[in-house]
1. Can you tell me the alpha carbon radius of gyration of the chain divided by the globular rule-of-thumb value 2.2 N^0.38 Å?
2. What does the extension gain come out to for residue 57 and residue 83, with contour length at 0.36 nm per residue minus their alpha carbon separation?
3. Give the carbon-plus-sulfur fraction of the accessible surface of the chain in %, rounded to a whole number; probe 1.4 Å, heavy atoms of protein chains only.
4. Taking only C-alpha pairs under 8 Å that are 6+ residues apart, what is the relative contact order of the chain in percent?
5. Leaving out ligands and nucleic acids, note down the accessible area per residue over the chain with a 1.4 angstrom probe, in whole Å².
6. For residue 76 paired with residue 22, estimate the spin-label separation in nm (one decimal), with each label point 7 Å from Cα along the Cα-to-Cβ line.
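The values are calculated or read from the model by the stated rules, or taken from the named source; none is laboratory data. As the structure is a computational prediction, the values presented were derived from the model and not from experiment. Positions of Cβ are backbone-derived with ideal geometry, glycine not excepted, and every protein chain shown enters the neighbour counts. We work out accessible area using only protein heavy atoms, side chains counted, and drop any ligands, DNA or RNA first. Shrake-Rupley method; radii C 1.70, N 1.55, O 1.52, S 1.80 Å.
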Amino acid sequence: MLNEIIFFDTLRQGLWVAVVISVPILTVALLAGVSIGLIQALTSIQEMTLTFVPKLAAIGAVFWFSMSFMTQTLVSFFHERIIPLIIGG
């Protein structure tokens, strides 16, 4: 019974880490998509590359700036949760 509790708690924490890591990129993608969509609606320009290229650039920039945060969060999760389970503690 205890092994199932530990497994599901580790799974829950891993999913929460995945959510926390993905929030900056998803937020920027949402804001870029809404702002570009608004510009397209106001100017009646319906070009597909107009939505793709700026959104890709914004996601790339945010990924570059938040890479240390993402790495630090994952390493912290592994050191605090996964490695002790592997060792047996």
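1. So the Cα radius of gyration is 1.59 times the expected 2.2 N^0.38 Å.
2. Extending this stretch completely gives an extra 5.8 nm.
3. 77
4. So the answer I get is 41 percent.
5. For the chain, the per-residue accessible area is 76 Å².
6. Label at residue 76, label at residue 22, 2.0 nm between them.
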